[in-house]
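The values are calculated or read from the model by the stated rules, or taken from the named source; none is laboratory data. In this text the structure is predicted, and so the values were computed from the model without any measurement. Ideal geometry is used to build each Cβ from the backbone, glycine not excepted, and the neighbour counts take in all protein chains shown. All accessible areas refer to the heavy atoms of the entire protein, side chains included, with ligands and DNA or RNA removed. Shrake-Rupley method; radii C 1.70, N 1.55, O 1.52, S 1.80 Å.
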Amino acid sequence: MREAICPHPECARGVTMTRNSHVIVHPRYVDVGTVGRGGYDPTADLNERISQEIWSCDYCKRTTAELVWWEKPEELRDKDDADMFAMVKRRTIYPEPTPRTLQPEIPERIRSLFDEAARTESAGAVRLAGAGYRAVVEEICKDQGATGRTLYDKITNLDGRLSPDVIDALHEARMVGNDSLHDGLAYSQDELADVAELVTEVVTILYVHPAQRAAMAAARAARRAASKAAQP
Ligand SMILES: [Zn+2]
């Protein structure tokens, strides 16, 4: 059992998931008849392993298929008897991951950059996706009229105009993109998802909420005008 966000869009909540089954897809299992004994293909690198796991969501009961990459820890490499592997990464293959999108209230420049970063993320290119979300942060600063030479300066320039929460979130997203390009530091899918969520939170506060408030104010004004017009 593990905690995860259910990947089915109809559910998409934080849930516990239970593993139903797993099968090793690499290395290939060779039958007794061909090599004298049953076992993994002796020509394959036995220090790595890929398995397919089927999990079910304890809340909505839908199933999820994942590919999981494993590696033997350094000290156990090339030792036959040690059947110990450490997980490297896992990727959802069913339901097919759909890239994140932003709501239409958000300016086109920001939305299209975010779309590209999100598609890169769902393709598993974590360094480029990190840099992509950083570019989204740059664009948000530009749209908010920030001045400054570096991205750090620009975000700091918005201090006082935007809430401290928003400033913190922008800085956090900035740091990930920076690390991923300059230091060649690869982030896990989970860390990248955190950054994507931070950026989403920021643009929701900056663009979606004001648009919703404006729409509600317009609706109230229209109702008042209508009731005034109805009076004799
Ligand atoms: Zn679910």
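About the centre of its Cα atoms, the chain shows a dipole size close to 1420 debye [charges on the beta carbon of Lys, Arg (+1) and Asp, Glu (-1) only; nearest 20 debye]. Cross-link reach is defined here as a Cα-Cα straight distance under 21 Å, omitting same-chain residues fewer than 8 places apart; for LYS154 the lysines meeting it are LYS142.
Could you sort HIS8, HIS22, HIS171, HIS209 by their accessible area in this structure, using a 1.4 Å probe and putting the largest first?
Numbers: HIS8 10, HIS22 95, HIS171 30, HIS209 75 Å².
Result, largest first: HIS22, HIS209, HIS171, HIS8.
Compared with the dominant Cα axis of the chain, that is its longest principal axis, helix 209-230 is turned about 40°. Given a 1.4 Å probe and the protein chains as shown, ARG223 ends up with an accessible area of around 150 Å². The smallest convex shape that holds all Cα atoms of the chain, its convex hull, gives 185 Å³ per residue.
Residues ASP190, ASP41, sorted by accessible area with the largest first, give ASP190, ASP41 [1.4 Å probe; ligands and nucleic acids excluded].
Largest first, what is the accessible-area ranking of LYS89, LYS228, LYS154 with a 1.4 Å probe?
Working: LYS89 90, LYS228 150, LYS154 45 Å².
Largest accessible area first, the list is LYS228, LYS89, LYS154.
Counting heavy atoms of the protein chains alone, MET175 has an accessible area of about 90 Å² for a 1.4 Å probe.
For TYR29, the accessible area of its heavy atoms, probed at 1.4 Å with every protein chain present, is near 140 square angstrom.
Here's how it looks for TYR94: its modeled amide H is under 5 Å from those of ALA65, which are all 5 or more places away or on a different chain.
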